[in-house]
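Participant: Questions regarding the structure given below will be posed in turn.
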Amino acid sequence: MKVKQLHIMTARYVRGDAIGHYMDVQRRAFEPQMPVTLYADGTDAGNFALDSSRYVPLAGDLLWLHFSIDAPHLQALQRGPDLKVLDYHGLCPPELFLPYQPAHAKLMRRGQRRLREMRSIFDWAVAHSDYTRRELQDAGYKRVARIPLAVPEGLLNGAGDPALERDLARLEYVLFTGRIVPQKNILGALDFFEQLEARRPGLKFLLAGSGGNTPGYFKEVLRRIDERGMSGKVCLLGPVKRPEMLRSLYAHARLLIMLSRWETFCAPLAEAMAHGVPPVAANNTAIPETLNGAGILVEDNAASLEQALDRADALLADPDAYAAEAEKCRRAAERYAEPRVARALNQFLNDCATKHKVRIIE
């Protein structure tokens, strides 16, 4: 069987976030073979994606649905003449959002139930780590492929932002990129930075990401910065969606700080490593998989934190050791290069079309 048209759907299409980047990678990978249409319940990209309600299942078509939260379009899903792939980005533990955004936590709980209910609707499923592959299998999904997220070529290639480059070149800074939400443990990242800066006076911490999703947590972050006297050391940049600005931030960053409590892949880890920026990251969920042997892992205890601080401080003080770790990061991130992931996506799509058993793609 030949897939006539591919329909890619998500709850919200946001250009520049992890799922938005991945949908763009998919579109570029699949469009040479077939027409591709994007759908979303909501979008910040104008008419770039159609409303999900406009999707009509037809024989010979394939619906590729990205799932990370319960959403209106899921209620209309049912078996039909089309083939269906569930692309699972994980469901954040509701308890992380409950104190700040109870409605969001409720959507996560409903999503957990819906994950099991939908298993009879989908022909195949895709996970981006062994962590989520096991979760899918535990939920009853039989045919699951593991395909990592990609670092978009557009993020690696091209010039940075000239004005930003001039400013960043004068700084020594560590970086965080991503949403400022409870699962990212920004408060823990601030504590780590505070101790690292005590060893390296003058170090700055730049946080690139939106805090609008959980305003209560964002206020806690602002309060922590103020109470610890870090206002002159921590800079909140807001969301950074222009690739040239993100390229500049990665190009001059010394470390990425990512002490998340939960991740199913964590695209910023792959992006930072591809730019040669060593991550300091929490040793939980899918994070060790994504690091692929690079970076500095931190356990949730005082002794491990002290060891991570020692390693980070030593790395920043030794140019040769830093260069070696940066190269190790680049090699570890080669598996996330867009051309390699595009080949894996096309191989998976071929498996779907020919109804072979879907392989786990490394």
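The values are calculated or read from the model by the stated rules, or taken from the named source; none is laboratory data. This structure is a prediction, so every number in the text was calculated from the model and none was measured. So basically every Cβ, Gly included, is an ideal-geometry build from the backbone, and we count neighbours across all protein chains shown.
Participant: Of the residues in segment 241-285, how many are surrounded by 23 or more Cβ atoms within 10 Å (Cβ to Cβ) and under 12 Å from the mean Cα position of the chain (by Cα)?
Facilitator: The qualifying residues number 12.
Participant: Taking residue 212 as the residue in question, decide whether it is surrounded by fewer than 18 Cβ atoms within 10 Å (Cβ to Cβ), at pLDDT below 95 and of a type outside the set (A, V, I, L, M). Explain how you work it out, then say what you get.
Facilitator: Numbers: surrounded by fewer than 18 Cβ atoms within 10 Å (Cβ to Cβ): yes; at pLDDT below 95: yes; of a type outside the set (A, V, I, L, M): yes.
So residue 212 fits the description; yes.
Participant: Within segment 110-126, can one find any residue that is hydroxyl-bearing (Ser, Thr, Tyr) and either under 30 Å from residue 242 (Cα atoms) or touching a helix residue (DSSP H, G or I) at 6+ places or on another chain (Cβ under 6 Å) (or both)?
Facilitator: no
Participant: In contact (Cβ under 8 Å) with a residue 40 or more places away in the chain, under 30 Å from residue 147 (Cβ atoms) and more than 21 Å from the chain's Cα centre (by Cα), is that true of residue 325? Write out each step before concluding.
Facilitator: Numbers: in contact (Cβ under 8 Å) with a residue 40 or more places away in the chain: yes; under 30 Å from residue 147 (Cβ atoms): yes; more than 21 Å from the chain's Cα centre (by Cα): yes.
For residue 325, the condition - in contact (Cβ under 8 Å) with a residue 40 or more places away in the chain, under 30 Å from residue 147 (Cβ atoms) and more than 21 Å from the chain's Cα centre (by Cα) - is met.
Participant: Still on this structure: Quick check on residue 26: is it polar (S, T, N, Q), assigned to a helix (DSSP H, G or I) and crowded, with 21+ Cβ neighbours inside 10 Å? Give the derivation first.
Facilitator: Numbers: polar (S, T, N, Q): yes; assigned to a helix (DSSP H, G or I): yes; crowded, with 21+ Cβ neighbours inside 10 Å: yes.
Criteria met by residue 26.
Participant: Might you check whether a residue that is more than 30 Å from residue 353 (Cβ to Cβ), of a type in the set (A, V, I, L, M) and in contact with a helix residue (DSSP H, G or I) (Cβ under 9 Å, 6 or more places away or on another chain) occurs anywhere in segment 143-150?
Facilitator: Within segment 143-150 (the criterion being more than 30 Å from residue 353 (Cβ to Cβ), of a type in the set (A, V, I, L, M) and in contact with a helix residue (DSSP H, G or I) (Cβ under 9 Å, 6 or more places away or on another chain)), the answer is no, since none of the residues qualifies.
Participant: Another question, then. Restricting attention to segment 1-13, which residues are surrounded by 21 or more Cβ atoms within 10 Å (Cβ to Cβ), at pLDDT below 90 and aliphatic (A, V, I, L, M)?
Facilitator: Taking segment 1-13 first, the residues surrounded by 21 or more Cβ atoms within 10 Å (Cβ to Cβ) are 6-11, 13.
Subset that is at pLDDT below 90: 11, 13.
Across segment 1-13, the qualifying residue is only 11.
So that you can scan it fast, the table gives a plain yes or no per residue for (1) within 23 Å of residue 310 (Cβ to Cβ); (2) assigned to a strand (DSSP E or B); (3) outside the structural domain of residue 257 (by TED's automatic domain parsing); (4) at pLDDT 95 or above:
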position	(1), (2), (3), (4)
165	no, no, no, no
183	no, no, no, yes
188	yes, no, no, yes
196	yes, no, no, yes
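Participant: Would you mind stating whether residue 58 is at pLDDT below 95 and farther than 21 Å from residue 211 by Cβ? Break it down stepwise before answering.
Facilitator: Working: at pLDDT below 95: yes; farther than 21 Å from residue 211 by Cβ: yes.
Yes.
Participant: If residue 85 meets every condition in (1) under 20 Å from the mean Cα position of the chain (by Cα); (2) over 13 Å from residue 3 (Cβ atoms) apart from one, which number is that one?
Facilitator: (2)
Participant: Which one of the conditions (1) closer than 20 Å to residue 287 by Cβ; (2) surrounded by 20 or more Cβ atoms within 10 Å (Cβ to Cβ); (3) not β-branched (Val, Ile, Thr) does residue 122 fail to meet, given that it meets all the rest?
Facilitator: Result: residue 122 passes all but (1).
Participant: Which pairs have Cβ atoms under 9 Å, sit 6 or more apart or on different chains, and link a residue in segment 280-297 that is within 19 Å of residue 196 (Cβ to Cβ) to one that is modelled with pLDDT under 95?
Facilitator: Final answer for the pair search is 282/300; 283/300.
Participant: Under 6 Å between Cβ atoms, at least 6 apart or on separate chains: pull out the pairs that start in segment 96-111 with a residue that is closer than 20 Å to residue 77 by Cα and end on any residue that is of a type outside the set (Lys, Arg) and assigned to a helix (DSSP H, G or I).
Facilitator: Partner pairs satisfying both residue conditions: 108/94; 109/94.
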